[in-house]
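Chemist: One structure, pasted below without further comment.
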Amino acid sequence: MRFPVRSGVARAVSAWWLPAVIACAVAALYISFSLAQWRTLSDPSWDLAIFTEAAQAYSRFEAPIVPIKGPGYNLLGDHFHPILALLGPIFRLFPSALTLLVIQDVLIAASAAPIARLAQRLLGRGGALLVGLAYGLGWGLQGAVGAQFHEVCVAVPLLAFGGVAFVERRWGACMAWLVPLVLVKEDLGLTVFVAGLAIAWRRRGEGRSDVLRSIAYALFGLVEFVLTVKVLLPAMKPV
């Protein structure tokens, strides 16, 4: 007799082991690259210093004041990314700018897992390997890693999981994955807005209530964008 729980676990393992391996391989390559940058003192921009000071402030449960930008400069008045407060506990355990680079590498690599799983479902394991590596090692993601830490790295796995859910018509999961984007950067509320409209269009044959919920989701993204740009950012912008 097969138990439902064991059967479900077996299916999950079968579906995810190869995508997980691909994501781990991509993470290992990107972390190796970041370590090389770190050891050779490569510094393509000053964003890493900015976000390190912000993470350090969050680790002390303080506002993200970054003196490198100016005395008393609140980084939330530059770009709205409160989700970076999650860096605080990790930075407290590993207080180094290298920590941010590794976190970014892991987040970017993790986005390859849902893409590879979808490819596996549609094209088999060979397709998962090809698509997963092509995506994970794509020029755009390589460029993000090479430029060192930036807050948009948090959006990468959210967009990947949300995009796959959209393709699979799992509307609730799609909206759940994409809604945290409004905490990643101020303009990503527009991404949520467009996603909501796309979901509403795809659900137009499912019933009026489903379409209206999708439109309400889209309007949430638009309202959040306007509120952030017109109210929150000006309120915290350094004088």
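Read-outs throughout are calculated quantities, based only on the coordinates presented, and are distinct from any laboratory measurement. Predicted model, so just to flag it, every value in this text is computed and none were measured. Here the Cβ is made from the backbone with ideal geometry for all residues, glycine too, and neighbour counts use every protein chain on show.
Chemist: Net charge near Val182, counting Lys/Arg +1 and Asp/Glu -1 over other residues with Cβ under 14 Å of its Cβ? Show your work: numbers first, answer last.
Modeler: Numbers: positive: Lys185; negative: Glu151, Glu186, Asp187, Glu224.
Around Val182, the surrounding residues sum to -3.
Chemist: Using alpha carbons only, how many angstrom separate the centre of region 121-172 from the centre of region 175-227?
Modeler: 20
Chemist: Span-like helices, the chain: DSSP H, alpha-carbon axial extent 27 Å or more, mean Kyte-Doolittle 1.0 or greater, which ones?
Modeler: Details: long enough: 4-39 (50 Å, 0.98); 208-227 (28 Å, 1.11).
Qualifying helices: 208-227.
Chemist: Additional query: Given Cβ point charges of +1 (Lys, Arg) and -1 (Asp, Glu) and nothing else, what value in debye, to the nearest 20, does the dipole of the chain about its Cα centre take?
Modeler: Values: 20 positive and 13 negative charges, 223 e Å.
For the chain, the charge dipole is close to 1080 debye.
Chemist: How much net charge surrounds Ala49 when only other residues with a Cβ under 13 Å from its Cβ are counted (Lys, Arg +1; Asp, Glu -1)? Display every interim value, and only then the final one.
Modeler: Values: positive: Lys69; negative: Asp43, Asp47, Glu53.
Local charge sum for Ala49: -2.
Chemist: Continuing with the same structure: Can you give the FRET efficiency for Leu123 and Ala10, using 1/(1 + (r/R0)^6), R0 = 30 Å, r = Cβ-Cβ distance, to the nearest 0.05?
Modeler: Efficiency, rounded to the nearest 0.05: 0.85.
Chemist: Counting chymotrypsin sites (Phe, Trp or Tyr not before Pro) as exposed when in a DSSP loop with at most 15 other beta carbons within 10 Å, what is the longest stretch of the chain free of them?
Modeler: Value returned for the longest uninterrupted segment is 62-239.
Chemist: Could you pull out the longest piece of the chain with no exposed loop trypsin sites (Lys or Arg not before Pro) in it, calling a site exposed if DSSP puts it outside H, G, I, E, B and it has at most 12 other Cβ atoms within 10 Å?
Modeler: That gives 61-168 as the longest site-free run.
Chemist: Which residue, chosen from Ser14, Ser42, Ala144, occupies the Cα position most advanced towards the positive end of the dipole of the chain, where the dipole is computed from +1 (Lys, Arg) and -1 (Asp, Glu) charges on Cβ about the Cα centre?
Modeler: Ser14
Chemist: Name the residues whose placed amide hydrogens come within less than 5 Å of the amide hydrogen of Tyr73, ignoring near sequence neighbours (fewer than 5 apart) on the same chain.
Modeler: Val66
Chemist: Using just the helices of the chain, give the 222 nm mean residue ellipticity in deg cm²/dmol: DSSP H runs with n ≥ 4 each add -39,500 (n - 2.57), and the total is spread over all residues, rounded to 500. Walk me through the numbers on the way to the answer.
Modeler: Values: 11 runs with 162 residues, N = 239.
Helix-only estimate at 222 nm: -22000 deg cm²/dmol.
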